[in-house]
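The structure under discussion appears below in the form of C-alpha cells.
The values are calculated or read from the model by the stated rules, or taken from the named source; none is laboratory data. The structure displayed is predicted, hence computed values, not measured ones. Note that we place each Cβ from the backbone using ideal geometry, even for glycine, and neighbour counts take in every protein chain shown. Just so you know, the surface numbers come from the protein's heavy atoms only, side chains and all, with ligands and any DNA or RNA stripped out. Shrake-Rupley method; radii C 1.70, N 1.55, O 1.52, S 1.80 Å.
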Amino acid sequence: MYTTKAVYLDNHSTTPVDPRVLEAMLPYFTNTFGNAASRTHGFGWEAEKAVDDAREQIARLINAKSKDMVFTSGATESDNLAIKGVVEFYKDKGNHVVTAVTEHKAVLDTCRMLERKGLATVTYLPVDRYGMVDPDAVRRAITDETVLVSIMYANNEVGTINPIGEIGKIAREKGVLFHTDATQGVGKLPVDVEAMHIDLLSMSAHKMYGPKGIGALYVRSKSPRVRLTAIIDGGGHERGMRSGTLNVPGIVGFGKACELCREGMADEAQRVLRLRERLKDFIYAQLDEVYLNGHPVHRLPGNLNVSFAYVEGESLLMGLNGSVHPIAASASLPPIAVSSGSACTSATLEPSYVLKALGVGDDLAHTSIRFGIGRFNTDEEIDYVGERVVGEVRRLRDLSPLYEMAKEGIDLKSVAWQRD
Amino acid sequence: MAYSEKVLDHYSNPRNVGSFAKDEPNVGTGVVGAPECGDVMKLQLKISDDGVVEDARFKTFGCGSAIASSSYVTELVKGKTVDEVMKIKNSEIVHELSLPPVKIHCSVLAEDGIKAAIADWKRRRTTDTKAAS
Ligand SMILES: Cc1ncc(COP(=O)(O)O)c(C=O)c1O
C-alpha cells in the first residue's frame, strides 16, 4: 500500500487552500471584520489596509500597479467584465473581437452572448494540432473595427501555453486592447503585464491555492488607459468598475496565495514538472497506444492530458474512483481524482470541444484523461497513480472489443460501424 | 455521478467477458455502436439447434453503465429462447440497473446488441443450411 487517502490530481479544476493562506485569512472573519469602505473608524481602516497590502501582493506577481487590480468573484466574472466592459465602452470605435476556439466557456459564451445581442462580431481563431494560437493569425484577423483581442495564456484542458507576449505586441502595434485569461497560468508561469503588453488580465485565487469566490481583473490605467463599462453597479467600489463590499478575508487569502506563488514559483514548477514526467514515463513504458494531447513542451508543468486508445474515459474514471463506491474488491485502494474529455462526463454529451479544436478525433477524445498535478502531490502518490492507471487500462482493454480488433490487425477506421 | 450498486457490481465483476471463436457454429455476433460515439458493444450468443441461448460473451468499449448493461444482458439471455430474447426491452435493463436518464442510451445499445446477434445467427444459419443442401 502506497498511500492512505484519496489522491487529488485535478488541480486545474481547483486547488486546496494552502494552510499558510488559511492562517492569513482567519483573523479577517472575526477580529478584523470591518468593511474596507468604512472611512469613519478603525475597523474599516484595518480592513482597508489589509486589502491594500493584498492588492500589492497580487499586482507584484504580474508586475502590475496595485491600483490597476479590480477584485471580482473569480475568473468567470473577470472574463465577463473585460469583454462586455470593453465592447460596451468602445462601441463607437468598433465592435469586433478576436478570440480563439479553445478559450474557456467564460470567454466563449460571453462572446456568443454579445453576438446574439448584436453588440459584437467575433472571430474565433483556430489553433494548431498542439492547441496553440498563431500570432500571425491574430494580426490578420484584426480589422479597423477590432476593439479587443482575447487570447488565453494556458489552456485548462490540454495545458498548452500561448505566445501571449507576441500576441500582446501585435495588438499594441495595431492599437487594439489585449485581454488574456491567465487563470491557469498565473502563479505557475511568469507573467509580466509590461513585457507582454497585456491590457486586461483575468485571474482566480482558487486555481493557485487561495480560496474560492475571489479573483481579479487587471485593468491597465496608463499607456494605454483602458476604460470599461461596469456590469455591476452600486457603491462605486473598485474605481467604479465593480461595486460591492469587498470580500476582505478572500482578498487577504488571494494576496497571500500570490506571494507564496511568487516566492516558490521556480522551485515548484520544476518539482511539479518532474512529477509529471515521472507519471508520463511510467505510463508510456507500461502501455502501448497512449497519445499525448496538447504541446509536448509548451505546456503547464502540472498538466498531463493523454488518450488511452480503446478505453472510454468515464469507465476509467470509475475504476480510478474505486473506493468512493462500495466495491469490496477495491475498498482498500484510495480513490484517484482526475477528469476526462469524454462525452459521458460532460453535461452536453459531446466530447471536449478543446480536443476537437486540436483535431483529436472523437474516438480518441472519448478516451482522454487529464491529470492535473499540483503543489501538494508527492512522489508516492504519483507512483501509486501510475500503477493504478496502468492496471485499470489493462483491465478495461481486456474488456474492449476495439482493442481486440486492433490487435487482430483490423483497421478500425475502415469498419462500417452501426451508428444510432 | 452516483452509480447504482448493481452498476458498480457489474463494472467491477463483469460476467461472461470474452469472445467465442469466430468460426464456431451456432454463434451469432452483434457489434453495435461506434468508437466516435463513445460506445461499442460486441455481444455473442451461442444458440442450440432448438433455438435456446446456451451461452453468451461480451466485450464493451464504453462508460461504466454501458459495460454493466452488457454484462447484465449476458446473464439475462441465458436459457431463453430466441423468441423470448427478441422481446427483451431496454426498459428492463434500465430498471434492473437503476440507470439515470442520461444513461438510457447504454441500455438501448444492449438491446440493439441482442437484436444484431440474433440477426447474425439467423443469417449464418440460413447460409449454413444452404451450403449443406
Ligand atoms: C482558463 C479558465 N478561465 C476561467 C475559469 C473560471 O474561473 P472561476 O472558477 O474563478 O470563475 C477557469 C476555471 O475553470 C479556467 O480554467
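Some points to look at:
- Length added when fully stretched, A:Glu380-A:His41, from 0.36 nm per residue minus Cα-Cα: 116.9 nm
- Per residue accessible area in Å² of the range B:1-83, where ligands, DNA and RNA are left out and the probe is 1.4 Å: 35 Å²
- Among the protein heavy atoms of chain A, carbon and sulfur supply 53% of the accessible surface, probe 1.4 Å, non-protein parts ignored.
- Per-residue mean of C-beta atoms belonging to partner chains within 10 Å, peptide B:99-107: 1
- Cα-Cα pairs of the range B:53-104 separated by more than 14 Å (percent): 53 percent
- Diffusion constant of chain B at 37 °C, which comes from Stokes-Einstein with the Kirkwood Cα-pair radius and 0.692 mPa s, µm²/s: 222 µm²/s
- For the options A:Ser223, A:Ser202, A:Ser150, a Gaussian network treatment of chain A with springs between C-alpha atoms closer than 10 Å singles out A:Ser223 as fluctuating the most.
- Prolate/oblate/rounded label for the range A:74-119 (Cα gyration tensor, a/c 1.5): prolate
- Label-point gap, in nm, between B:Asp23 and A:Asp411 - each point 7 angstrom along Cα→Cβ: 2.5 nm
- For chain B, cysteines whose Cβ has no other cysteine Cβ within reach (under 4.7 Å): B:Cys37, B:Cys106
- Most mobile listed residue (B:Ser71, B:Ser107, B:Ser91) in chain B, GNM with C-alpha springs under 10 Å: B:Ser91
- Packing-based ranking, highest mean first, of A:67-79, A:389-401 given that Cβ atoms within 10 Å are counted: A:67-79, A:389-401
- Residues in the range A:197-211 that a label on A:Ser13 would reach, taking backbone N under 18 Å of a point 7 Å out along Cα→Cβ: A:205-211
- For the range A:1-148, the convex hull drawn through the C-alpha positions has a volume of 204 cubic angstrom per residue.
- Per-residue SASA entry for B:Cys37, accessible area with 1.4 Å probe, Å² rounded to 10: 60 Å²
- Rounded to the nearest 100, the interface formed by chains B and A buries 2800 square angstrom of accessible surface, both chains summed, with a 1.4 Å probe.
- Ranked by how many other beta carbons lie within 10 Å on average, peptides A:265-277, A:306-318, B:16-28 from highest: A:306-318, A:265-277, B:16-28
- Taking each residue as 0.36 nm, the span from A:Leu22 to A:Met113 lengthens on full extension beyond its C-alpha to C-alpha distance by 29.1 nm.
- Rg followed by Dmax, in Å, when chain A is reduced to its Cα trace: 22.8, 80
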